[in-house]
Amino acid sequence: MLIKQAADLRYSDVTPKSLYLNRRKFLAGVPAAFLAGRELLSPSARAFAGTTKLQTVKSSLSTTGEKITPYDDVTHYNNYYEFGTGKEEPAELSKNFKTSPWTVSVEGDVAKPRKFSVEELMKLAPLEERVYRHRCVEAWSIVVPWIGYSFSTLLKEVQPAPKAKFVAFETLYDPKQMLSPFQAGIPLPYVEGLRLDEANHPLALFCFGMYGETLPPQDGAPVRMVLPWKYGFKSIKSIVKIKLTSSRPPCTWNEVGANEYGFYSNVNPNRDHPRWSQKTERRLGEFFKRPTLMFNGYPEVASLYSGMDLIKNY
Ligand code: MTE
């Protein structure tokens, strides 16, 4: 998303994912003693402290017929700028991120504003396992068994006031644990927003886990949004504040470059990013590109945008 100077580029930035993962698999086969003391230990040697198993129920909203992306890819190819701008940096730099105790404040235009602990949030509804396609604006995609429930459950709990039209989200910003905005290259805290009807759509997932466990830090622990029909940057991580508002809230990437990143940012192969095509995408771990689908293949959200020009409202 950021344009990098040649000096900033890392191997992973210029090498197709499949090639450098193969290199990792090769390295995984090299005796550990040979690699000891080097930066390039096998991925399985990098465990994430603190993830725990979660009990889940099956979901009727789960996407079927897709091959699940390996856990190792989903946890080592991340965008989490508070922990680095390189794709492999968040896994390393977020290792000691403190995600407990954690509270989420739900405030603004609601009848029942309240601070919830994550434990309280996790008990609001049965945790569902939902497989979703997730596509990044940078044209890579993943298929992940996320764990959570529809965000509408939380909205029901706090009762939006009639004048509430939008939902604003905010990530924790802790300069002791995270990079500075200068280092991250974006203003912090990271903020995002949705129209209230988008946030109320059953597919909008309030997410606590993936692959049967709680989220690891680099994927947004302890609680994030997952919005499968939108580009990945709308799916804000490590949420501490949710505010219902009558006016459209600011969104980090839209503030950074409004002509590149719109408020809606629905996946749309017919609307190219000014610097690259959005017609195709590469699934992590695969070599050949595949066509990108309108709304990322979730046509059930189309009615949210009826009558809107989705080229203008990108
Ligand atoms: N949330 C925060 N707080 N900070 C970020 O940098 N990156 C976004 C989004 N949420 C980001 C964030 C972007 S650009 C993407 S593509 C997705 O997280 C990536 O999610 P993943 O790393 O779990 O695949």
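The values are calculated or read from the model by the stated rules, or taken from the named source; none is laboratory data. All values reported here derive from a predicted model rather than from experimental measurement. Note that we place each Cβ from the backbone using ideal geometry, even for glycine, and neighbour counts take in every protein chain shown.
Numbers below:
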| read-out | value |
| --- | --- |
| Pairs, first of a type in the set (Val, Ile, Thr) in region 251-262, second more than 13 Å from the ligand (Cβ to nearest atom) and not in a loop (DSSP other than H, G, I, E, B), C-beta under 8 Å, six or more apart | none |
| Extreme residue, farthest from the ligand (Cβ to nearest atom), among residues of region 72-108 that are over 19 Å from the mean Cα position of the chain (by Cα) and surrounded by 20 or more Cβ atoms within 10 Å (Cβ to Cβ) | GLY108 |
| Breaking point among (1) farther than 24 Å from SER59 by Cα; (2) part of a loop (DSSP other than H, G, I, E, B), for PRO228 | (1) |
| Check on ILE142, farther than 21 Å from PHE208 by Cβ and either surrounded by 21 or more Cβ atoms within 10 Å (Cβ to Cβ) or within 16 Å of the ligand (Cβ to nearest atom) (or both) | no |
| Condition met for LEU215 (within 13 Å of LEU154 (Cα to Cα) and in contact with a Gly (Cβ under 8 Å, 6 or more places away or on another chain)) | no |
| Complete set of residues in region 144-164 that are among the hydroxyl-bearing types (Ser, Thr, Tyr) and either more than 25 Å from ASN78 (Cβ to Cβ) or assigned to a loop (DSSP other than H, G, I, E, B) (or both) | SER152, THR153 |
| Neighbours by Cβ (under 6 Å, 6+ apart or cross-chain): first from region 64-77, of a type outside the set (Ser, Thr, Tyr); second assigned to a loop (DSSP other than H, G, I, E, B) | ASP73/LEU284; ASP73/GLY285; HIS76/GLU88 |
| Criterion: in contact (Cβ under 8 Å) with a residue 24 or more places away in the chain and either of a type in the set (D, E, K, R) or within 14 Å of the ligand (Cβ to nearest atom) (or both) - qualifying residue of TYR132, TYR149 | TYR132 |
| Residue within region 82-96 that is within 15 Å of LEU215 (Cβ to Cβ) and in contact with a His (Cβ under 8 Å, 6 or more places away or on another chain) present | yes |
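Table: residues versus (1) modelled with pLDDT under 95; (2) more than 12 Å from the ligand (Cβ to nearest atom); (3) farther than 20 Å from GLU157 by Cα; (4) charged (D, E, K, R).
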| residue | (1), (2), (3), (4) |
| --- | --- |
| LEU196 | no, yes, no, no |
| ALA204 | no, yes, no, no |
| MET210 | no, no, yes, no |
| LYS243 | no, yes, no, yes |
| SER247 | no, yes, yes, no |
| GLU255 | no, yes, yes, yes |
| SER265 | no, no, yes, no |
| PRO269 | no, yes, yes, no |
| PRO274 | no, yes, yes, no |
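Residue-by-condition table, conditions (1) surrounded by 19 or more Cβ atoms within 10 Å (Cβ to Cβ); (2) basic (Lys, Arg); (3) over 16 Å from the mean Cα position of the chain (by Cα):
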| site | (1), (2), (3) |
| --- | --- |
| GLY232 | yes, no, no |
| ARG248 | no, yes, yes |
| THR252 | yes, no, no |
| GLU255 | no, no, yes |
| PRO274 | no, no, yes |
| PHE287 | no, no, yes |
